[in-house]
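Let me begin by handing over the structure; questions about it come next.
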Amino acid sequence: MDQHRGTAPHAHPVDALIVVDVQAAFVTGDGAVPAAARLVDRTADLIARARQGGALVVHLQNDGPPGAEDEPHTPGWELHHPVRHRPTERVIRKPYDDGFRETPLGDVLADAGVRAVAVCGVMSEMCVQATARTALDRGYRVVVPHDAHATQDVPAAPGICGAVPAATVSRVAAYALGSDAEVTSAAADVSFTAPDPAGDITLTAPDVAPDVSFTAPRAARAR
C-alpha cells in the first residue's frame with residue numbers, strides 16, 4: 001500500500017469476486033446510479049476475468065421490501081449480468097445490507113477455500129461497505145476496486161450540509177474501511193486465481209460471543 005490509507009496500485013490475486021446488488025433498478029432507468037454505465041462495464045470485466053481465472057463468483061441479490069424498486073420478482077429486482085449457474089458461480093439473495101447476515105455467503109466462501117475477495121457493486125456506503133467490512137472482520141483479504149462500485153448523490157440536508165456528489169460518497173465509503181482494505185484505482189488492477197479448498201485457512205469465527213455470564217443487579221442500599 002502507498003501513503004494514502006487503504007490504497008494499493010496493484011493487488012495480489014484474489015480467489016473470489018463478490019458482486020453486490022448489480023440489479024436492474026440500480027443500473028437502468030431513472031433510478032440508476034450516476035456512474036451506471038461505468039459500473040456495468042467494470043463489473044462485467046471483473047466477472048469475465050474471475051471466471052477465466054477460476055475464481056469463485058458470487059452475485060448478491062437484494063430483496064427489497066414490498067413496494068421498493070428491488071422488491072423480489074419485479075423487473076427492478078432482476079440481476080443485470082447473466083449468471084452461469086455452476087459450482088464456481090452462485091447467486092445469494094440477501095435481506096440486509098451485509099451480504100453475510102442471515103445468508104449462506106460465509107459457508108460458501110469457506111467451503112470453496114477462499115482467502116481473498118474483491119467486492120464491487122452498489123451502493124458504496126451501504127451494501128458494498130457492509131459486506132466488505134464483515135469480510136475483513138472474518139479474516140479475509142479484501143480488495144475494493146474504486147471504479148467498480150457506485151452509489152447515488154446524497155441530497156442536501158438543510159442546516160447540516162449541501163448535496164454530496166456520488167463520487168465523493170463512494171470514495172469516503174471505501175476510505176472508511178481503513179487500512180486493512182486494499183483499494184485499487186481501477187478494476188483492471190485486480191487479478192484472479194482459483195481457490196484452494198485443501199489449503200490451510202485460519203479465519204475469524206463470525207458471530208460467536210465470548211463466554212460471558214450475567215446476573216441480576218442488586219437493589220441500591222438505603223442510606
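The values are calculated or read from the model by the stated rules, or taken from the named source; none is laboratory data. Just so you know, these numbers come straight off a predicted model, no measurement behind them. Counting neighbours? That spans all protein chains shown, and the Cβs are built from the backbone with ideal geometry, glycine included. Keep in mind that these areas ignore ligands, DNA and RNA; they rest on the heavy atoms of the full protein, side chains included. Shrake-Rupley method; radii C 1.70, N 1.55, O 1.52, S 1.80 Å.
Pull up segment 185-206, narrow it to residues that are exposed (fewer than 13 other Cβ atoms within 10 Å of the Cβ) and out of contact with any Lys or Arg (no Cβ under 9 Å at 6 or more places or on another chain), then point me to the one that is modelled with the highest pLDDT.
Only one residue tops the list, namely PRO197.
Output the number of the condition that GLU182 fails; it satisfies all remaining conditions of (1) under 23 Å from VAL108 (Cβ atoms); (2) modelled with pLDDT under 95.
The one condition GLU182 does not meet is (2).
Next question. Would you mention how many residues in segment 145-167 are under 18 Å from the mean Cα position of the chain (by Cα) and without any contact (Cβ under 8 Å) to a residue 60 or more places away in the chain?
1
Looking at PHE100 and the list (1) open to solvent by less than 20 Å² (accessible area, probe 1.4 Å); (2) more than 14 Å from ALA50 (Cβ to Cβ); (3) out of contact with any Gly (no Cβ under 7 Å at 6 or more places or on another chain), which single condition is not satisfied?
Going through (1) open to solvent by less than 20 Å² (accessible area, probe 1.4 Å); (2) more than 14 Å from ALA50 (Cβ to Cβ); (3) out of contact with any Gly (no Cβ under 7 Å at 6 or more places or on another chain) one by one, PHE100 breaks only (3).
So, of the residues in segment 83-112 that are in contact with a strand residue (DSSP E or B) (Cβ under 6 Å, 6 or more places away or on another chain) and hydroxyl-bearing (Ser, Thr, Tyr), which turns out to be nearest to PRO197 (Cα to Cα)?
In this case the residue turns out to be THR88.
A further question on this structure: Being within 17 Å of VAL119 (Cβ to Cβ) and open to solvent by 10 Å² or more (accessible area, probe 1.4 Å) is true for just one of ARG86, ARG49. Which residue is that?
Answer to the check: ARG49.
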